[in-house]
1. Stretched out fully, how many nm does the piece from Asn80 to Ser241 gain, at 0.36 nm a residue minus the Cα gap?
2. Over all pairs of distinct alpha carbons, what does the Kirkwood formula give as the hydrodynamic radius of the stretch 3-144, in Å?
3. With a 1.4 Å probe and all protein chains left in place, how much of the accessible area of the stretch 77-169 comes from carbon and sulfur atoms, in whole percent?
4. Once amide H atoms are placed 1.01 Å from N in the peptide plane, what residues at a sequence separation of 5 or more from Thr133, or on another chain, have their amide H within under 5 Å of its amide H?
5. Over the heavy atoms of Ser217, what accessible area does a 1.4 Å probe trace out, to the nearest 10 Å²?
6. Can you list the HN-Hα couplings for the stretch 248-264, worked out from phi with the Karplus curve (6.51, -1.76, 1.60; θ = phi - 60°), rounded to whole Hz and with x for Gly and Pro?
7. Take the alpha-carbon positions of the stretch 112-271, form their convex hull, and give its projected area averaged over all directions (one quarter of the hull surface) in nm².
8. Taking only the C-alpha atoms, wrap a convex hull around the stretch 71-161 and report its volume per residue in Å³ as a whole number.
Amino acid sequence: MLKRVGLVGATGWMGALIGQALLSGNRLRPEQLSCLNRSASNAGYAAYPAVKWAANFSELIELSDTLILSVRPEQFRDANFCCGDKLVISLMAGIPIKELADRTAASRIIRAMPNSAAEIGRSFTPWFASPETTATDRQIATAILEAIGETQQLDDEQQLNVLTGLSGAGPAYTALLISALSQAAINAGIPEAIALKAATATAVDAAQVLSRSDRDSETIIHDYLSYDGVITAALKAAQTSGFYRSINHALLAANQKVTELESQGDESPTN
């Protein structure tokens, strides 16, 4: 299914993860992958000497049927990425389908939002496709994105903006929870090193147990609340103190930031 794939930003963080996952998972032969990056470095691809390195974007276009854009939004807006009739897969936050079409002259476009769990092959990657994409295009996108984890097609582009602030956050919320739990323990007299270990175990190790459970989160919460024990008191206090409200505010703020990023495209000239 996958033929010739061009990867812009091949040695960047996410670009490198996807490029190397496609190769190591044998989803692409090295000669099917063409790469472009700002530096001359091909770090991480040394084991695949048959990978092609384009000198510029025009050369990459000639070598590719599908183009993956894995660059920062401002880099995309400052450059000329005219893709023509190629299938374009964008990994950029805040660049909507319409702007992608205007700037790339492409119509077959897929927006995807992977996260840092791609490092362990566990990214949850939601994606949205323009109406012009074909069933084959969507199969190609799925094959590429499944190299780094699980994928989910969306039927509304706005859903992708919301999920940019949710699954796209990677470990950010978990790190925030660990920080809050450890600080609360420190405030209660627990030594810092012990507090951090306990909080990390609660947020990280217990999450692995949850991922293997056949019970969903609501059922687990209900079971704890029904028990009326120590953790029941903790959960009730978190709820009444505005835990859910804080998370809701966080997602609203993230969605607002995505909207702001999109509006910056309206202020910039198109190609």
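The values are calculated or read from the model by the stated rules, or taken from the named source; none is laboratory data. Predicted model, so just to flag it, every value in this text is computed and none were measured. When we count neighbours, we look across all protein chains shown, and the Cβ atoms used for this are built from the backbone with ideal geometry, even at glycine. Heads up: the accessible areas ignore ligands, DNA and RNA and are worked out on the full protein's heavy atoms, side chains in. Shrake-Rupley method; radii C 1.70, N 1.55, O 1.52, S 1.80 Å.
1. Length gained, Asn80 through Ser241: 53.0 nm.
2. When all Cα pairs of the stretch 3-144 are included, the Kirkwood radius is 15.0 Å.
3. 49
4. Residues meeting the amide H criterion: Ile109.
5. Roll a 1.4 Å probe over it and Ser217 shows about 60 Å².
6. Once rounded to whole Hz, the list reads 4, 4, 4, 5, 4, 5, 5, 5, 5, 5, 4, 4, 5, 4, 5, 5, 5.
7. Averaged projected area of the stretch 112-271's Cα convex hull equals 13.2 nm².
8. 88
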